[in-house]
Structures are given as structure tokens and as C-alpha cells.
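The values are calculated or read from the model by the stated rules, or taken from the named source; none is laboratory data. A quick note: this is a predicted structure, and the numbers were derived from the prediction, not measured. Here Cβ is always computed from backbone atoms with ideal geometry, including for glycine, and neighbour counts include all displayed protein chains.
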Amino acid sequence: MCMIKSSYLHSFLFLLLSISTLHSFAQAPKKGPRIRTIIIDAGHGGSDPGAHGAYSTEAQITLDIAQKLDTLLRSELPNTRIVMTRNTDVYNSPTEKANIANKENGDLFICIHVNASGSHKEVIGYKKEAYYKGKGKSRKKLYRKQAIYRSVPNAGVFGSSSYVWAADRGDEKAEALASENRFESEAEVVDVPDPESPEALIKARLWTQKFFKNSVRLGTMIENEFTNIGRKSLGVLQRNWKGIWVLQATNMPAVLIETGYITNPDEERYLTSEEGQNEMAQAIAKAILSYKMMIDGGR
């Protein structure tokens, strides 16, 4: 009986604390724009070139697009800090990228990547292969035709997509958020609790839910802008661990953009061209501006 009462009491206290926390968010004074710092991460780099195309690498393309996006945002948002995780062909681990974003108190994390499809085997010729049949004096050496294969990328796959961390990784995002005491990204919240306290974890989980929703919103805006310029969009997707860890380690809404498939000849040509990179950067910038206006309410 005592155990049942204890369980009810714990649930009741959790509910009260959650309501109190949400109330503090609603009542907290808003001081200026909420999106004050935007982090741009060009995927891969240095010793990690990422995916390979026929003549280019993911690291080269992501840096080119990221730099163009940086220029556009600095022009359109002169009062907003724009921070690049890299400006040259260097490698930063996912941990270093997340640390840069968190140290700079980012309010938005934009990670730019290029996708790659799998491959299939293709016959490129044949060779004669010897084999033996029978035993003893009746044993004969015969020949058969053996196919020669090569691995060929699935060049027909194309399209952009925007990824957010999987919903089942919310606890990891909340823990990262609580450890940094980062509850002020979208409102000024006073009396930040001890990161080890239950109250901190509850607040962190509430902010994680908010960050997840806003990440999906931004991803949707980005994919809509890609569609508007005639690109095929594969939509906003969730990814668990592979290639996505940095999104759940950053204490802010975060989106990883797969700009296209480097293994598709047409997409590689587009993504390495000045025109294609400018179009992609402009589409992403337009989505970020719309998102900022929505979050800041015109501020």
C-alpha cells in the first residue's frame, strides 16, 4: 500500500513540477530576438572526405555550400552571430563540433551533408575457369565461363532530405541540455536549477520536446524551399545513431541536411556547380529566415 501511495505521490509531484516549469516559460520575460546565434557545420573535412563521387568529395561540396550560406545569412541578418564549425578543409570530430556549438551558445544548428547510395554488382566480362570432372583415368579437365563483376553505385537514386535526431534519443538530448544548463535558448528563464537535480532533468525534457518540434519545423521549411527550386525532396526523416550523434549532443534545435546524392552523376554535377551551390544555399537561407521570423515574432 505504501508503495502505491509513493508511486502516486511521485507522479503527482512530477506533474506539478512540469506545470510549474511550463508556467515559468510562459511568464518569463522576452528580451530581444530568441535566435541570436546560428551555427553552420560543413560535414566531414580533412582526413575524413566523406562520400565520394566520380570526381568530388562530400567534404568539398559541404564546405562550398556552407560558406555561401554563411555569406547570405551575414548579409540578411547583420545583428545575428553566424558561427562556422570549419572554414577550411580540416577535420573536427562530432564531439568537437557539438562543443563548438554549445560553447558559442548557439540557438540553431545547421549541419550540411551530401548523401550517397549503395552499390550493385555489374558484369563487365567473362573468363575461362578450369575444373575437373571424374576420377582416375576418366578424370577430365574442362572449362566453364565465369562472370567478372565490378561494384557500381546506384546512380539512379537522387533527392534531398533533412534529418532530425530520432525521438527515442530524447533522453540523450535532455542529458546534454541539463549538463550545460541551457534552458534559455528560446526564452529568458531565471533560477536555473542544479543540472543533477530532478527539476533540471524535467526542464531539460520539456525543452527537448520543444527543440524536437522546432527541428522538424525547420526541416520541413528547408525541404519545401528545395521543392520550390525544382529539387526532389525525400522529406524530413529521423535517424538514430549513424551520422546523427552531433544533433542530439547540441543544446538547441538541430537539422542535418542531405543536399543530394553524390553518387548520382546529375546530382554531383549540380552540387559541384556554382549555380547549384548558390541555389541550395539560397533555399536553406530562405528557410532559416522564415523560421527565425516565426520564432522571433518579427523581432
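Side notes on the structure shown:
- Condition met for residue 38 (under 29 Å from residue 157 (Cβ atoms), outside any loop (DSSP other than H, G, I, E, B) and among the β-branched types (Val, Ile, Thr)): no
- Only helices (runs of 4 or more DSSP H) whose full extent lies in segment 243-299 are considered here, and the ones with at least 2 residues that are more than 19 Å from residue 226 (Cα to Cα) are 245-249, 274-296.
- Filtering 202, 222 for residues that are buried (at least 17 other Cβ atoms within 10 Å of the Cβ), among the aliphatic types (A, V, I, L, M), at pLDDT 95 or above and over 18 Å from residue 106 (Cα atoms) leaves a single hit, 222.
- Near pairs, Cβ below 6 angstrom, 6+ apart or cross-chain, from segment 105-125 (over 28 Å from residue 35 (Cα atoms)) to any residue that is of a type in the set (Asp, Glu) and in a strand (DSSP E or B): 115/258
- Taking first residues from segment 256-275 that are over 23 Å from residue 244 (Cβ atoms) and partners that are of a type in the set (A, V, I, L, M) and part of a helix (DSSP H, G or I), the Cβ contacts under 8 Å between residues at least 6 apart in sequence or on separate chains come to 272/61.
- Comparison of 75, 56, 47, 93 shows that the only residue that is modelled with pLDDT of 95 or more and farther than 27 Å from residue 275 by Cα is 47.
- Any hit, segment 269-281, residues being under 22 Å from residue 59 (Cβ atoms), modelled with pLDDT of 95 or more, hydroxyl-bearing (Ser, Thr, Tyr) and under 20 Å from the mean Cα position of the chain (by Cα): no
- Counting residues in segment 102-111 that are at pLDDT below 80 and assigned to a strand (DSSP E or B) gives zero.
- Residue check, residue 237 assigned by TED's automatic domain parsing to the domain that holds residue 100 and not in a helix (DSSP H, G or I): yes
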